[in-house]
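Okay, so here's the structure we're looking at.
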Ligand code: ATR
């Protein structure tokens, strides 16, 4: 059967093998999907060895998404814009095709939850690789405005400048700044910082979320993240990133197998297993 894997370091706790096993079963695909801890200093070697051993494709997670971008022979347009990739395909021609499905995963999950992005005021917290990877699909959903706030304000300003929203005919104003300059209310606030991992919360004003506001954390855990606890206590609707993980996986699965799994039952199973 066809071989797939996820590369990371560390990788032991990855849910991706479970998710893809559920997809494969549901879609009747003869394939295996394993977790591989690639050495930090030689991702390229690990990928080429996997291809040589019959590997058909891979997901890539922390800390290899930028390196995976560099090993790619052919990049999708959205991958080029993101500057990082999470999905590799071993082409029939032997070349490495690369794409990023995180942003699509985020937008599909928001859609799944019925969160309107069109004409919405969106605030994204964080300006690292995780945020860079989701800006394009968020903007394609047609928000009125998208603001990026980050601990290091210059990174948010720089990222907003990179986006060049106008160039793509999008109407949204894209701006960036620090946490101290945050003001006004947002319809959707997305936490893309890694602060949750450390149990930290960026310093956010109490007035940040509009009355019917939605707080989304790209992280997930068995217990609610501090960001979602903060937002929930202020009346916001809260959504964690488990659905994003499953939707980005579904998009990768589609790239490999040309079959689109139904994510509904997999969402239920994974939530239950958290
Ligand atoms: P990732 O791939 O997860 O995006 P990254 O590129 O290192 O990782 O970015 C981490 C993001 O989380 C950054 O926006 C970082 O803010 P800085 O750019 O100011 O470093 C943010 N971050 C990490 N820990 C944080 C904390 N304790 N409080 C606020 N922001 C934090």
Failed condition for residue 173, given (1) under 26 Å from residue 235 (Cα atoms); (2) touching a strand residue (DSSP E or B) at 6+ places or on another chain (Cβ under 6 Å); (3) free of Cβ contacts under 8 Å to residues at least 60 places away in the same chain: (1)
Selection from region 206-231 of residues that are within 18 Å of residue 184 (Cα to Cα), at pLDDT below 95 and out of contact with any helix residue (DSSP H, G or I) (no Cβ under 8 Å at 6 or more places or on another chain): 206, 207, 208, 210, 211, 212
Residue in region 82-92 that is at pLDDT below 95 and buried (at least 22 other Cβ atoms within 10 Å of the Cβ) present: yes
Long-range neighbours under 8 Å by Cβ, at least six apart or interchain, first residue in the same structural domain as residue 86 (by TED's automatic domain parsing) within region 113-139, second part of a loop (DSSP other than H, G, I, E, B) and surrounded by fewer than 21 Cβ atoms within 10 Å (Cβ to Cβ): none
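On the given criteria, is residue 269 in a helix (DSSP H, G or I), farther than 27 Å from residue 78 by Cβ and touching a helix residue (DSSP H, G or I) at 6+ places or on another chain (Cβ under 8 Å)?
Details: in a helix (DSSP H, G or I): yes; farther than 27 Å from residue 78 by Cβ: yes; touching a helix residue (DSSP H, G or I) at 6+ places or on another chain (Cβ under 8 Å): yes.
Yes; evaluated as a whole, the condition is true for this residue.
Under the condition of being farther than 23 Å from residue 143 by Cα and without any contact (Cβ under 8 Å) to a residue 24 or more places away in the chain, which residue from region 184-231 is nearest to the ligand (Cβ to nearest atom)? Spell out the reasoning first.
We begin by selecting, within region 184-231, every residue farther than 23 Å from residue 143 by Cα; these are 194-203, 220-226, 229-230.
Okay, now just the ones that are also without any contact (Cβ under 8 Å) to a residue 24 or more places away in the chain, so 197-198, 223-224, 229.
Details: 197: 8, 198: 6, 223: 18, 224: 17, 229: 15 Å.
Step by step, filter region 184-231, then rank; the result is 198.
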Of all residues in region 101-126 being touching a helix residue (DSSP H, G or I) at 6+ places or on another chain (Cβ under 7 Å) and assigned to a strand (DSSP E or B), the one that is surrounded by the fewest Cβ atoms within 10 Å (Cβ to Cβ): 122
Any chance residue 44 is within 27 Å of residue 136 (Cα to Cα), surrounded by fewer than 18 Cβ atoms within 10 Å (Cβ to Cβ) and in contact with a helix residue (DSSP H, G or I) (Cβ under 6 Å, 6 or more places away or on another chain): yes
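The values are calculated or read from the model by the stated rules, or taken from the named source; none is laboratory data. Keep in mind the model is a prediction, meaning the values are calculated, not measured. Cβ sites come from the backbone with ideal geometry, for glycine too, and all protein chains shown count toward neighbours.
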